[in-house]
Amino acid sequence: MTHALEIEGLTKTYSDGFRALRGINLNVREGDFFALLGPNGAGKSTTLGIVCSLVNKSDGRVSVFGHDIDTDLAGAKLNLGVVPQEFNFNQFEKVLDIVTTQAGYYGISLKKARQSAEKYLKKLGLWEKRDSPARMLSGGMKRRLMIARALVHEPRLLILDEPTAGVDIELRRSMWDFLEEMNRQGTTIILTTHYLEEAEAMCRNIAIIDHGEIIRHTSKRDLLKQLSVETFLLDTEEPLESAPSLDGFNCKLDSEGSLEVEVSKGTGLNSLFMELEKQGIKVVSMRTKANRLEELFVRMVEDNAQDAGKVGEVMA
Amino acid sequence: MNLQGLWVAFTTIIVREVRRFTRIWPQTLLPPAVTMTLYFIIFGNLIGSRIGEMGGYDYMQFIVPGLIMMSVITNSYSNVVSSFFSMKFQRSIEELLVSPVPNWIILAGYVAGGMARGLSIGLIVTVVSLAFTHLSIHNLPMVVITVFLTSALFSLGGFINAMLATKFDDISIVPTFVLTPLTYLGGVFYSIQLLPDFWQGVSMANPILYMVNGFRYGILGVSDVNPFVSLGMILVFITILTAISLRMLARGKGIRH
């Protein structure tokens, strides 16, 4: 199996002494849709920064489609497209110029660059804005511009660092559709995101990084199997004054009056409804409280923080 | 990247640089034309007519090569320093850093961009000067080689300044406190033969003196220094600054964490 990205023993210590990465190992298969998750300051952006050669590594090995960044950096870069977290284009340049100039940096002639730019600007709904200065675009358009710019040289691996930050729900979903289409067409995608529903909806494999270490690296399916409890929110026909006592279920009222019920894995929802029926409670709608991945993520990061605390106590 | 790809990348950087300084032409192309016109009127016509000859030429004719060179130097430098630092500031430098463009192409592209502006201004100032005086070229190859190499040298200087700069103040310190005094004291407005021996010796330590005089030799055929020594010095400086720039790029000084 070819790996789009291989990382071995990657470390990074910044000049102020901060150890951002503590020897991480990571493999992303070709064609994968991969999420790198972690709290702020965990090391996500540093990892991706090293892969994209925006950050100098301290030690370790990184290769993109077999091109080691120490021995064949240009080969690695040719296979890579990057969408950074913050806007990093000249705000005064025109949209089309930004995209075709990027293609020029990859040695693509102006004629081909214009064709490729037209293709991606149209797909991302920016073709009508091609002659506008980038500063005139909305936040969502700027994000899409960075995606078009990253794709103009047709990379095999697309890295997106928080691609939908600050983007409204409708636009976010259209960007998901676009990225899924790119993935179906063979582009390997790695993304970091704070919207865990995004990772849950799109990604097949997930790594969780915290304090510069990979604390979990597995498939989404295996990760979700670890969920022992799911929380549902039920809206009842008649408002409840207090949470009922349901045999076998923990429940409480949330701040908006919805009934919040924890359902253990393996417990059928039928028994829940039978309990509700016994108490004469009629349910008119039902939804999950938070997405499942978010629950797991929070739990893992909390566990890791507790472990780190214990190690700290021992070392002290 | 193959040779054709490298050429495309190189020309892409130049085109973007030219697009930048032509887009903001009221800030880049117009001011030197206005300033030099004032220089020609005040120093050349009004004051120059009372000074008489210098180096065997009218004062106006004497200062024209120096003023052209001064414009080339300051504009080559300021184009690269402001463009590259702005890219750092806006982080659009990352567009280049993630691409497979080798460092020497990045450097060559920026230097060529600085030269494009410096030489354009040099041409504008030359055309303006023709409205005030007659110019005949004594040695065309010397004129062309000197102006191209000087422009390249100060583009390199601007590049290093931009790499080291961390705030906007840093990109104006060198032009204001180093470049301008050295240019004014580099024989633009006078021949160092007018100075006492001690100050003539001090002036010989000013690298800009050699560039101004090399260029003046190409146009008028007079110079305070050997023009071939001037060319040799420019080439030595270019070699040194190129090596420093490439080393800084390889280390990612100021552009990679």
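Selection of region B:192-219 for residues being closer than 20 Å to B:LEU149 by Cβ, without any contact (Cβ under 8 Å) to a residue 60 or more places away in the chain and in contact with a Ser or Thr (Cβ under 7 Å, 6 or more places away or on another chain) yields B:LEU209, B:TYR210, B:ASN213.
If only residues of region A:64-78 that are surrounded by 20 or more Cβ atoms within 10 Å (Cβ to Cβ) and in contact (Cβ under 8 Å) with a residue 60 or more places away in the chain are counted, the one that is nearest to the other protein chains (Cβ to nearest Cβ) is A:LEU78. Of the residues that sit in region A:63-96 and are assigned to a helix (DSSP H, G or I) and over 16 Å from B:SER99 (Cα atoms), which one is farthest from the chain's Cα centre (by Cα)? Filtering first and then ranking leaves A:LEU96. Against the conditions (1) in contact (Cβ under 8 Å) with a residue 40 or more places away in the chain; (2) within 10 Å of another protein chain (Cβ to nearest Cβ), A:GLN85 satisfies every one except (2).
With away from chain A (no Cβ under 14 Å), of a type in the set (Lys, Arg) and without any contact (Cβ under 8 Å) to a residue 60 or more places away in the chain as the only criterion, which of B:ARG23, B:ARG50, B:ARG19 stands out?
Just a single option satisfies the conditions, and that option is B:ARG50.
Taken as a whole, the structure places A:GLU256 among residues that are surrounded by fewer than 16 Cβ atoms within 10 Å (Cβ to Cβ) and not assigned by TED's automatic domain parsing to the domain that holds A:THR192. Applying the set (1) farther than 30 Å from A:GLN185 by Cβ; (2) away from chain B (no Cβ under 14 Å); (3) part of a loop (DSSP other than H, G, I, E, B) to A:GLY23 leaves exactly one unmet item: (3). Whether any residue in region B:29-38 is within 14 Å of another protein chain (Cβ to nearest Cβ), more than 26 Å from B:GLY221 (Cα to Cα), surrounded by 13 or more Cβ atoms within 10 Å (Cβ to Cβ) and touching a residue at least 12 places away in the same chain (Cβ under 8 Å) is what I want to check. For region B:29-38, residues within 14 Å of another protein chain (Cβ to nearest Cβ), more than 26 Å from B:GLY221 (Cα to Cα), surrounded by 13 or more Cβ atoms within 10 Å (Cβ to Cβ) and touching a residue at least 12 places away in the same chain (Cβ under 8 Å): absent.
For region A:164-178, the condition of being assigned by TED's automatic domain parsing to the domain that holds A:ARG204, closer than 17 Å to B:GLU95 by Cβ and free of Cβ contacts under 8 Å to residues at least 24 places away in the same chain holds for none of the residues.
Checking the conditions here, which among A:ALA117, A:ALA165 is touching a His at 6+ places or on another chain (Cβ under 8 Å) and more than 10 Å from every other protein chain (Cβ to nearest Cβ)?
Checking each option against the conditions leaves just A:ALA165.
Against the numbered list (1) in contact with a Ser or Thr (Cβ under 9 Å, 6 or more places away or on another chain); (2) under 26 Å from B:GLY214 (Cα atoms), B:PHE189 comes up short only at (1).
Condition test on B:VAL222, is it in a loop (DSSP other than H, G, I, E, B) and touching a residue at least 12 places away in the same chain (Cβ under 8 Å)? For B:VAL222, the condition - in a loop (DSSP other than H, G, I, E, B) and touching a residue at least 12 places away in the same chain (Cβ under 8 Å) - is met. Scanning region A:94-109 for residues that are more than 8 Å from chain B (Cβ to nearest Cβ) and surrounded by fewer than 20 Cβ atoms within 10 Å (Cβ to Cβ) gives a single hit, A:LYS94. Contact annotation: no residue pair with Cβ atoms under 9 Å, 6 or more positions apart or on different chains, pairs a residue in region B:135-149 that is acidic (Asp, Glu) with a partner that is surrounded by fewer than 19 Cβ atoms within 10 Å (Cβ to Cβ).
For residues that are of a type in the set (Lys, Arg) and at the interface with chain A (Cβ under 8 Å from one of its Cβ atoms), tally how many sit in region B:84-98.
Matching residues across region B:84-98 total 1.
Among the residues of region A:144-163, those that are in contact with a Phe, Trp or Tyr (Cβ under 8 Å, 6 or more places away or on another chain) and of a type outside the set (Gly, Ala, Ser) comprise A:LEU145, A:MET146, A:ILE147, A:ARG149, A:LEU151, A:VAL152, A:HIS153, A:ARG156, A:LEU157. Please determine whether any residue of region A:198-211 is surrounded by fewer than 19 Cβ atoms within 10 Å (Cβ to Cβ), in the same structural domain as A:ILE159 (by TED's automatic domain parsing) and assigned to a loop (DSSP other than H, G, I, E, B). There is at least one residue in region A:198-211 that is surrounded by fewer than 19 Cβ atoms within 10 Å (Cβ to Cβ), in the same structural domain as A:ILE159 (by TED's automatic domain parsing) and assigned to a loop (DSSP other than H, G, I, E, B).
Those residues that are in a loop (DSSP other than H, G, I, E, B) and not charged (D, E, K, R), I need them from region B:88-125; list them, please. Within region B:88-125, B:SER92, B:VAL98, B:SER99, B:PRO100, B:VAL101, B:PRO102 meet the criteria. Within region B:230-257, the residues that satisfy the criterion of being of a type outside the set (Ser, Thr, Tyr), assigned to a helix (DSSP H, G or I) and within 28 Å of A:ILE50 (Cβ to Cβ) are B:ALA243, B:ILE244, B:LEU246, B:ARG247, B:MET248, B:LEU249, B:ALA250, B:ARG251.
Considered as a group, the residues in region A:121-168 that are outside any strand (DSSP E or B) and acidic (Asp, Glu) include one that is farthest from the chain's Cα centre (by Cα), and that residue is A:ASP131. Here is a list: B:VAL111, B:VAL98. Which entry is touching a Ser or Thr at 6+ places or on another chain (Cβ under 7 Å), over 27 Å from B:ILE234 (Cβ atoms) and either at pLDDT 90 or above or not hydrophobic (A, V, I, L, M, F, W, C) (or both)? Among B:VAL111, B:VAL98, only B:VAL98 is touching a Ser or Thr at 6+ places or on another chain (Cβ under 7 Å), over 27 Å from B:ILE234 (Cβ atoms) and either at pLDDT 90 or above or not hydrophobic (A, V, I, L, M, F, W, C) (or both).
Residue by residue, here is whether (1) loosely packed, with under 11 Cβ neighbours inside 10 Å; (2) touching a Gly at 6+ places or on another chain (Cβ under 8 Å) holds:
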site	(1), (2)
A:PHE178	no, no
A:ASN183	no, yes
A:THR231	no, no
A:GLU241	yes, no
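Could you tell me whether any residue of region A:47-62 is more than 10 Å from chain B (Cβ to nearest Cβ), in contact with a Lys or Arg (Cβ under 8 Å, 6 or more places away or on another chain), in a loop (DSSP other than H, G, I, E, B) and among the hydroxyl-bearing types (Ser, Thr, Tyr)? There is at least one residue in region A:47-62 that is more than 10 Å from chain B (Cβ to nearest Cβ), in contact with a Lys or Arg (Cβ under 8 Å, 6 or more places away or on another chain), in a loop (DSSP other than H, G, I, E, B) and among the hydroxyl-bearing types (Ser, Thr, Tyr). When we screen B:VAL81, B:VAL101, B:VAL64, B:VAL72 for residues that are more than 14 Å from every other protein chain (Cβ to nearest Cβ), crowded, with 24+ Cβ neighbours inside 10 Å, over 16 Å from B:VAL212 (Cα atoms) and in contact (Cβ under 8 Å) with a residue 40 or more places away in the chain, the only hit is B:VAL81.
The values are calculated or read from the model by the stated rules, or taken from the named source; none is laboratory data. In this text the structure is predicted, and so the values were computed from the model without any measurement. Please note: Cβ atoms are built from the backbone with ideal geometry, for glycine as well, and neighbour counts cover all protein chains shown.
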